[in-house]
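For reference, the structure discussed in these notes is given below.
No value in this document is a laboratory result; all are computed from the given coordinates. Note that this is a predicted model, so its numbers are computed, not measured. Heads up, the Cβs are rebuilt from the backbone with ideal geometry, glycines too, and the neighbour counts pull from every protein chain shown.
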């Protein structure tokens, strides 16, 4: 999801989404976690992101033990859609290879730093970037 933050603030979209979340808290009206309030607020006012730009499915598409590789070409957005979240798999000591791309941003580990320096060179060669 990519948003124009100026329009987000002008449209008071946070409040609109939180209103739907409050309805959900009082009475369950939808499934699928965090996506439905956005769909209810934005309806048909969305545009698809080029799939080459948005690397989705890193969570395994809800298949237990399923790991994906990055698609070829440039990637700007890494999306762990599905049930396989990197923080869970890393904590369980059962990560997928790409989960280490998320690890430097783990707020529970302290400062943003490379937790596995041996992977740095491999990631730079394979993906063309490193955090």
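In this label model, residue 78 and residue 50 are separated by 2.1 nm, measuring between points 7 Å along each Cα→Cβ vector. Spin-label model, residue 70 to residue 8: label points 7 Å out along the Cα-to-beta-carbon direction sit 2.3 nm apart.
Gyration tensor analysis over the Cα atoms of the range 11-88 returns equivalent ellipsoid semi-axes of 28, 18, 9 Å (largest first, whole Å).
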